[in-house]
């Protein structure tokens, strides 16, 4: 179903309405001439409301649209209303049909003109259209911000007096699913030097039960050091079969090689990675490993244990790290917390690749924070939702939320464009489009470590 835009108004992809320059100049001229003074007085006195039922803006939109529809009908018939030239014409005006449009400022009652032959097909308000302006974009933006469909219903009714059914709002948000699927299947680069992978828990309805599922998000760093969200996958349980499917999908979308994959020791993932990209290095996130080993430590001992573990992951070599772990194991703290020692030993083979890299590269693969910062923002969005009806709804919301976050940040940066660098406060990219700090040095280290694999792509 097509949406209608008000004449002289531009609607952004996120539903932000921006007046054209000519419209702004026209309004300013009316204000300066005092033509709106009476209107302002009525608003100030409370005698006139702007939005909602009977509001000034819905009525103004009604007047503009009806005038435009009448002009369209005149063009269709070939003569103006009351023009003697229309006498004897095989077609003529035939009253109007009432309909109501939902808009960003409330319900707009509209009389759509008809012709006697029934051949008039208006372009301004197409047949079947029930919404005007950027209402769809507003709904999608609210949904991306974490509001449920029911929340959006109440919000629209309370703020602008627009009543929309649960089904209508659901259809509007579902309309982006095709765009999500296109994004999830888009072609990728041939090589991503580094891929980060992390997950967050969501609740999804499964029949009569609501179960915890994991939404996994992959972020790849391209040769220019720019981060990209590669995809989102929802799965009840992790395992080699699931990860083999994810890796096969990424390869089919174009990824021929990955140098380093940084993850949280996900079950079955190392095996799936190595089956797809047999030369890839699977690196356990050091921060996750530290956290996992600290779960067994009492609060009173945490600072001491954290300090004692530091020589392990800051060691210059794998041998030095092994010696530091043995020293911790032999210490009083190591004897008190054998489970902490076991956590490091169990993850050792996936931890020590980290130690073979120079400092400029270690800093980048030390943690999956590239995704964790994103997941933190996403958790804030989904925390108020009880559960999702299905996996598609999870992917849809997370994709919309990522897009919404990045769009908001882009608008904030645009406002500060031209200001002195030291005065700018707008945040940079959260993930998508963000450049890895110190990437030039890191790429140089990668080129020395993997010369044969990088050479075809950087020369």
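The values are calculated or read from the model by the stated rules, or taken from the named source; none is laboratory data. Fair warning: this is a prediction, and the values are worked out from it, not measured in the lab. Because the Cβ atoms are built from the backbone with ideal geometry, glycine has one as well, and the counts that use them run over all protein chains shown.
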Determine the pairs where a residue that is at negative phi and part of a loop (DSSP other than H, G, I, E, B), located within the stretch 88-101, has a partner that is surrounded by fewer than 15 Cβ atoms within 10 Å (Cβ to Cβ) and at pLDDT 85 or above with Cβ atoms under 8 Å apart, the partner being 6 or more residues away or on another chain. 89/78; 90/117; 91/116; 91/117; 91/119; 92/116
Return the residues of the stretch 102-122 that are more than 32 Å from the chain's Cα centre (by Cα) and not in a strand (DSSP E or B); say none if nothing qualifies. 116, 117, 118, 119, 120, 121, 122
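Here are 215, 157: which of them is touching a residue at least 60 places away in the same chain (Cβ under 8 Å) and either assigned to a strand (DSSP E or B) or farther than 26 Å from residue 379 by Cα (or both)?
215
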Given the condition closer than 23 Å to residue 350 by Cα, buried (at least 22 other Cβ atoms within 10 Å of the Cβ) and at pLDDT below 90, answer yes or no: does some residue in the stretch 221-230 qualify? no
Do you know which of the residues in the stretch 430-453 that are part of a loop (DSSP other than H, G, I, E, B) and either free of Cβ contacts under 8 Å to residues at least 12 places away in the same chain or on the phi > 0 side of the Ramachandran plot (or both) is surrounded by the fewest Cβ atoms within 10 Å (Cβ to Cβ)? 437
Considering (1) at pLDDT 80 or above; (2) out of contact with any strand residue (DSSP E or B) (no Cβ under 8 Å at 6 or more places or on another chain), say which one residue 146 fails and leave the rest. (1)
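Residue-by-condition table, conditions (1) modelled with pLDDT of 85 or more; (2) surrounded by fewer than 17 Cβ atoms within 10 Å (Cβ to Cβ):
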{"site": "345", "(1), (2)": "yes, yes"}
{"site": "352", "(1), (2)": "yes, no"}
{"site": "360", "(1), (2)": "no, yes"}
{"site": "367", "(1), (2)": "no, no"}
{"site": "375", "(1), (2)": "no, no"}
{"site": "379", "(1), (2)": "yes, yes"}
{"site": "384", "(1), (2)": "no, yes"}
{"site": "392", "(1), (2)": "yes, yes"}
{"site": "398", "(1), (2)": "yes, no"}
For the stretch 255-273, which residues satisfy the criterion of being in contact (Cβ under 8 Å) with a residue 60 or more places away in the chain and either surrounded by 22 or more Cβ atoms within 10 Å (Cβ to Cβ) or more than 16 Å from residue 192 (Cβ to Cβ) (or both)? 258, 260, 261, 262, 263, 264, 265, 266, 269, 270
